[in-house]
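One structure below.
The values are calculated or read from the model by the stated rules, or taken from the named source; none is laboratory data. Because the structure is predicted, anything quoted here is derived from the model rather than measured. Neighbour counts run over all protein chains shown; Cβ positions are idealised from the backbone, glycine included.
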Amino acid sequence: MHPHSPLSCPCGQRHAAGQRGCRPAPGKITSIAFSPTEKSSCCAAPREEESDRGDADYRWRISGMDCPACARKIENAVGQLPGVAQARVLFATEKLLVSADKDVRQQVEQAVVSAGFTLRSESQPAEENPGFWRENGLLLALGALLLASWLLQAIDPQAGKIAFILTTLVGCWPVARTALRLMRSGTPFAIETLMTVAALGALFIGATAEAAMVLLLFMLGERLEAFAAGRARRGVTALMALKPDEALRIRGDKRETVAVSELQPGDLIEVAAGGRLPADAILATSFASFDESALTGESMPVARQAGETVAAGSLSVDRLVTLKVASKPGESAIDRILHLIEEADAHRAPVERFLDRFSRVYTPLVMALALLVALIPPLLFAGDWQTWIYKGLTLLLIGCPCALVISTPAAITSGLAAAARHGVLIKGGAALESLNNVRTLAFDKTGTLTEGKPQIVAIEAFDGQDEAALLAKAAAVEQGSSHPLAKAIVQLAEQRRLLIPQATAQKTLAGSGIEAVVGGHKLSICAPERLALTAERQAQVAQLESAGNTVAIVAQNLQPTGLIALRDTLRPDAAAALAELRALNITAVMLTGDNPRAAAAIASELAIDYRASLLPEDKVAAIHELNQRSAVAMVGDGINDAPAMKAATLGIAMGGGSDVALESADAALTHNRLTGLATMIRLSRATHANIRQNITLALGLKGLFLVTTLLGITGLWLAVLADSGATALVTANALRLLSKR
């Protein structure tokens with residue numbers, strides 16, 4: 001029948017917690033009733049792959065990060081401070097998390113300011129938008145000086161040359177100052193360092209106009225990159241804005257306005273029509289409609305009845321409502337989604353990790369190669385010093401790996417953000433990349449392909465016993481279980497207002513049912529094949545199962561005393577979702593613990609293969625077998641699905657499923673619609689194609705300009721286009737994923 005006990009290990013497998021070889025669950029997806037990664041550093045040395053962050057001792061908000069490379073620069077600056085065990089910057093939510101064995105707040109703040117950024121506490125309000133002129137003033141001023149220098153050169157070449165030198169120095173000053181700060185804070189090979197060397201080197205050999213142009217193009221590229229990063233981060237900031245800062249709390253006859261952080265479970269709150277919920281809450285008003293589209297993607301308002309839970313950030317559409325707070329501060333639906341987004345960087349795509357490590361050795365290697373190009377031909381082959389120094393400086397700019405390294409995280413960030421817009425949460429780039437390889441989807445039945453709300457269609461007490469007494473005893477055994485079949489039995493007993501006796505010594509029969517002691521007798525509820533039934537009873541069970549019902553046998557002291565038949569209904573979107581998957585060449589198979597006849601009835605309606613009567617370990621074995629043919633994703637919602645989800649290439653949880661299934665999953669459908677699976681696959685494939693396009697674009701431009709530079713065809717300012725231009729192009733290409741439908 002159905003298992004009832006949680007598993008002993010957080011990895012979802014049946015062994016002792018922490019056993020050698022067990023794979024712990026990645027960042028937790030806490031139950032959601034209704035994920036962008038940080039981008040990698042450009043030229044800065046990246047960090048190694050990290051585990052989940054755990055609790056930080058100190059937290060700040062960061063201002064001034066224009067691109068994801070800034071996150072690595074801050075980490076390097078803070079990470080080398082004495083007493084700091086770990087420093088981590090979450091670019092998506094602009095947070096700095098520091099773990100330390102002593103109070104390092106003052107040192108951290110000084111280090112971050114020295115690196116060119118500002119900090120504020122999490123409770124402080126966000127800074128106002130700096131405005132157009134403050135953000136772009138230096139770029140516009142440099143452009144005006146460059147134009148004036150060109151005009152002056154047309155009139156007086158010598159005066160124009162002096163003007164270009166002054167323009168270069170004006171533009172180089174903030175870049176060089178940032179480079180020095182980063183060197184002191186542990187990032188010697190930043191892009192600012194390369195630009196400073198190139199600009200000053202160009203002045204040294206007399207290429208004054210090109211030196212100024214290099215800096216102008218670099219600043220333009222930085223602004224374009226900052227704009228693109230802001231676009232990718234906008235979805236996160238919009239999500240954070242869904243939760244109001246204050247709430248109206250009811251205490252007796254008094255109403256008081258309090259900060260959301262002061263709300264505790266059990267508090268009564270009031271939300272006006274058009275207002276958003278500050279926390280997850282249980283509706284106390286008889287009924288109301290809520291707009292949950294910002295969290296679930298559901299376009300139509302959802303009608304909720306008294307006693308139903310409504311997610312934080314939902315909008316009360318038509319009336320003033322009273323609700324009872326259900327979530328602790330920092331644990332609402334919005335907070336949980338933001339936590340997932342923050343944790344996504346711990347599960348970066350393999351190609352992204354490779355490019356990160358590649359950039360660590362690539363940048364110093366390029367600098368050394370540029371130095372050799374500038375020195376060897378003049379020293380060994382009597383080459384012209386000015387010509388070869390110029391080529392060395394150009395190579396220095398072409399070689400910066402910004403566009404290459406950012407090509408993957410830019411696409412993955414956009415892909416994850418686009419998925420979140422469609423009600424799909426994916427735990428980072430590794431899961432998104434794995435989805436691209438999936439060719440088979442394995443489905444649990446109850447609660448996944450079906451509604452998960454079975455109804456009792458028949459109760460029969462054997463040997464003339466009382467039907468009501470049989471139902472009451474069955475409800476006693478099942479009480480407290482979260483399984484849909486158990487809930488249906490208890491619910492019907494409560495609806496009939498039966499007196500449910502007390503049960504003790506409840507014990508799960510792994511994968512087949514449950515037993516307990518009721519009224520001094522051992523009662524069990526299990527699958528028909530677990531007991532010896534007469535031929536007449538077997539025929540009766542077969543008839544019920546052939547109609548698509550699930551049959552549970554109630555036994556007292558191992559003697560059958562009755563049966564309960566339950567039937568679940570297909571999800572309304574199940575057939576459409578499977579049709580979409582078939583159009584994507586995805587094979588579907590149903591893995592269920594239900595009996596073969598009931599499974600066959602559901603499978604025939606959906607036209608998919610199935611395997612029935614599976615215990616949790618049988619599902620794992622089936623997944624291993626399927627994995628040998630092609631990559632498999634397991635879709636489920638129950639405790640018994642968790643081991644199979646961990647065994648699969650990818651685990652996908654239904655948003656309303658059990659906590660164990662959600663923790664074991666690599667992705668979740670927050671809106672509980674199966675059509676999100678096809679969306680997930682399409683986005684993964686589009687992201688993978690986007691990554692290939694970006695890498696081809698970055699390498700192609702660099703290769704082209706490298707050849708033309710060595711041949712003397714192109715110069716410094718085109719070399720900047722090979723880097724800053726390519727960075728802007730790959731980022732813009734990645735942003736196309738945000739509009740993917």
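Among the helices (runs of 4 or more DSSP H) confined wholly to the stretch 443-549, which include 3 or more residues that are among the small types (Gly, Ala, Ser) and over 30 Å from Val635 (Cα atoms)?
467-478
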Handout entry: Hits in the stretch 321-345 (condition: modelled with pLDDT under 60 and in contact with a Gly (Cβ under 6 Å, 6 or more places away or on another chain))
Key = Glu343, Ala344
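Rundown of residues vs (1) within 21 Å of Asp466 (Cα to Cα); (2) more than 39 Å from the chain's Cα centre (by Cα); (3) not assigned by TED's automatic domain parsing to the domain that holds Asp444, yes/no style:
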site: Gln502; (1), (2), (3): yes, yes, yes
site: Gln506; (1), (2), (3): no, no, yes
site: Val517; (1), (2), (3): yes, yes, yes
site: Glu545; (1), (2), (3): no, yes, yes
site: Val551; (1), (2), (3): yes, yes, yes
Problem - One residue from Thr187, Thr193, Thr237 being modelled with pLDDT under 80 and surrounded by fewer than 20 Cβ atoms within 10 Å (Cβ to Cβ) - result: Thr237
Practice task
Please find, among Ala732, Ala678, Ala689, the residue that is modelled with pLDDT of 75 or more, farther than 30 Å from Trp388 by Cα and in contact with a helix residue (DSSP H, G or I) (Cβ under 6 Å, 6 or more places away or on another chain).
Solution key: Ala678
Practice task
Would you be able to say whether some residue in the stretch 118-140 is of a type outside the set (Val, Ile, Thr), modelled with pLDDT of 85 or more and either assigned to a helix (DSSP H, G or I) or surrounded by 14 or more Cβ atoms within 10 Å (Cβ to Cβ) (or both)?
Solution key: yes
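List the helices (runs of 4 or more DSSP H) that sit entirely inside the stretch 557-659 and contain at least 3 residues that are surrounded by 19 or more Cβ atoms within 10 Å (Cβ to Cβ) and hydroxyl-bearing (Ser, Thr, Tyr).
Correct list: empty, since no element meets the threshold.
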